[in-house]
Every structure is written in structure tokens, then in C-alpha cells.
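Please treat every number below as a calculation from the coordinates, not as lab data. All values reported here derive from a predicted model rather than from experimental measurement. As a convention, Cβ positions derive from the backbone with ideal geometry for all residues, glycine included, and neighbour counts pool all protein chains shown.
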Amino acid sequence: MKSLLLAAALLVAPLAAPMAAHAQEPEPPAFRAVKVVLVGDSTTAVIGGWGPSFCGQHLTSLAACINLARGGRSSGNYRTEGSWRVALKEIGSGGFTDTYVLIQFGHNDQPGKPGRSTDLATEFPANLKRYVEEVRAAGGKPVLVTPLTRRQFKDGKLIDDLGPWAEATRKVAAETGTPLVDLHAKSYAAVQAMGAAQATRFAQMPPPPEVLAAARTGTTISAQPAAPPAPGATPAAQAQNNAAVEPMGQAKLSFDYTHLGRDGADYFSKIVTDELAVAVPALRRYLVP
């Protein structure tokens with residue numbers, strides 16, 4: 001009997017030792033993952049914006065990226081149609097150390113877009129402030145992004161038709177203490193430096209021959225039927241009129257001076273990434289330059 005007990009003990013002992021060692025192993029470090037939510041219009045959205053390249057190329061595997069930007073949306077109708085409710089649910093879904101919400105509007109807030117346009121002096125800044133407040137109330141971290149420049153030129157100079165909306169975004173960021181990615185300033189400087197002809201490569205499709213020929217002279221022409229110029233209209237006002245004829249939220253592949261193809265998305269998402277690393281140092285470990 002004693003020999004049987006001794007044999008059993010000898011068999012159990014090797015099994016018990018690994019179990020004891022396993023029980024003493026330290027707990028693994030906490031898994032620290034973040035979520036990045038993109039909110040905005042077609043210049044951020046899938047098919048036409050910088051968002052897909054940002055999500056796909058500039059975040060590590062410790063960051064989840066959800067692109068909720070939608071074509072044709074302004075700071076006003078993004079909320080009224082219910083898209084903002086979806087974004088708020090993403091913020092409160094849990095499971096992540098932090099959730100950052102990048103907010104970019106301006107293109108569709110401009111005049112001449114029924115159901116989309118907002119008043120620059122009152123509605124637009126108020127809408128941005130409300131987004132910032134609600135992101136924070138939901139436990140997220142807001143980041144404001146100034147609107148991507150368009151790429152229309154007049155006599156060699158890039159038309160700055162989105163400057164006032166970019167400036168309004170900067171002011172809201174300063175007033176609310178919100179990190180700012182000044183995509184407008186960086187994209188404007190980059191496009192101005194390369195010139196009208198080079199900038200045509202950022203569109204979704206190649207320019208028609210006559211459009212490229214015009215760009216080489218330093219003055220761009222519309223590839224689609226443009227709104228007739230108003231008497232005495234400034235280049236910036238006419239650029240807004242040209243953009244106003246774009247249909248809302250329809251996925252398309254065409255040449256224009258607003259939306260981005262693969263080259264444009266890659267180029268401007270790199271700018272967003274570099275600026276985000278400066279504006280939000282806590283995100284640097286999750287960013288891929």
C-alpha cells in the first residue's frame with residue numbers, strides 16, 4: 001500500500017510544480033487601446049476624403065479607427081439627420097482607454113447649399129462648440145480639424161474660399177481649449193507651392209485635357225457645368241458657387257477640385273497625422289508617420 005501511495009505522489013509532483021509556477025506568474029500589463037472616430041463631410045469620408053488613408057496607414061494595431069464622415073454634410077445637417085447620434089454611441093461603447101473624435105466641417109456650411117448651409121457668424125461656431133461639449137460629456141476627447149483646401153487657382157494663386165470657416169474653427173478651438181489640426185493652413189500652403197497643374201493629381205480621376213491645359217496657365221477651369229458668375233463676384237465667391245452644384249452624399253468618381261483620389265488621400269492624411277502628433281501628444285504612440 002505504501003509503495004502505491006509513493007508512486008502516486010511521484011506522479012503528481014511533476015504536475016503540481018508547473019501549476020504552482022503558473023499561479024505565481026505576474027498579471028500581464030493592461031491592454032491600452034484607443035479609438036479614433038472621424039466626423040465630417042466628403043473630404044474626410046470614404047470615397048473622396050483623407051479618412052481612409054489615415055485609418056489604414058497611419059494608426060498602429062492598438063488603435064481602432066471608425067470613419068463616420070458623410071458626403072454633403074455640414075455642421076448642421078450632420079446632427080439633424082441623426083449621424084451625430086451614431087458618433088456619440090461610438091464614444092460611449094466602452095472597451096478603450098480613450099476615444100478621440102476628429103471633427104471637420106466647413107465645405108457644406110458655405111452659402112448656396114439649401115438644407116446644409118449655416119451662418120458663419122452664429123450657427124457654424126455654435127455647432128462646433130456643441131459638438132466639443134457633447135464629446136467631452138460622453139467621455140471622449142474632441143479634436144477640431146480646419147477644412148481641407150480646395151484646389152482652384154486664379155492667375156497662379158490658390159483661391160482661399162474656405163479661409164473664413166478655417167478661422168472660425170481656430171477660434172472655437174482656442175475658446176474651448178480643444179486641440180486643433182490646422183489642415184486648412186497646411187494643405188493651402190502645400191497646394192499653393194506645387195501649383196495648379198501638379199495639384200490636379202490629387203483628384204479622383206485624371207483631368208480632361210482642356211482642364212489640364214488651363215491649369216498649366218495658372219488658372220483652373222471647371223470640369224463640370226459651373227454656376228454662372230454673379231456680377232462682380234470674387235474668385236472665392238465663384239469657387240463656392242462651383243462647389244455648390246455638387247450633389248449631396250452621392251458616391252462618385254470624377255475629376256474636381258474638392259475631393260481626393262488615392263494620391264490625394266495619402267498626401268493629406270500624412271499632414272493630418274503629423275499635425276495630430278503635435279496637437280495631441282498622448283496619441284503619438286498610436287500614430288504611424
Residues Thr217 and Lys252, FRET efficiency given R0 of 25 Å [Cβ-Cβ distance, rounded to 0.05]: 0.40
Work out the count of Lys pairs in the range 34-286 where the Cα-Cα distance is under 19 Å, with the pair 8 or more places apart or on different chains. 12
Segment Thr122-Ala33, extension gain: residue separation times 0.36 nm, minus the distance between their alpha carbons: 28.3 nm
Quick check on the range 34-286: of the DSSP beta bridges with both residues there, what percent are antiparallel, nearest 5%? 10 percent
Of the range 67-107, those with amide N under 17 Å from the point 7 Å along the Cα→Cβ vector of Arg130 are 73-89, 103-106
When Arg130, Arg85 are ranked with the fewest other C-beta atoms within 10 Å first, the list becomes Arg85, Arg130
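Expected output is a single nm value to one decimal: the length gained when fully extending between Asp263 and Ala174, i.e. 0.36 nm times separation in residues minus the C-alpha distance. What is it?
28.8 nm
Which of the peptides 86-94, 68-76 is most tightly packed, and how do the rest follow, going by the mean number of other Cβ atoms within 10 Å of each residue? Show your work: numbers first, answer last.
Values: 86-94: 14.9, 68-76: 23.8.
Result, highest mean Cβ count within 10 Å first: 68-76, 86-94.
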Going by Cα centres, the range 191-216 and the range 47-78 are how many Å apart? 25 Å
Please give the FRET efficiency for Met205 paired with Lys154, using the beta carbon to beta carbon distance and R0 = 30 Å, rounded to the nearest 0.05. 0.85
R0 = 30 Å: FRET efficiency of Arg284 with Ala189, Cβ-based, nearest 0.05? 0.85
Where labels lie 7 Å past Cα in the beta-carbon direction, separation of Ser61 and Glu167 in nm: 4.8 nm
Over the range 34-286, the quotient of the Cα radius of gyration and 2.2 N^0.38 Å is 0.97
Student exercise, the range 34-286 dipole from Lys, Arg, Asp, Glu Cβ charges, in Debye to nearest 20: 380 debye
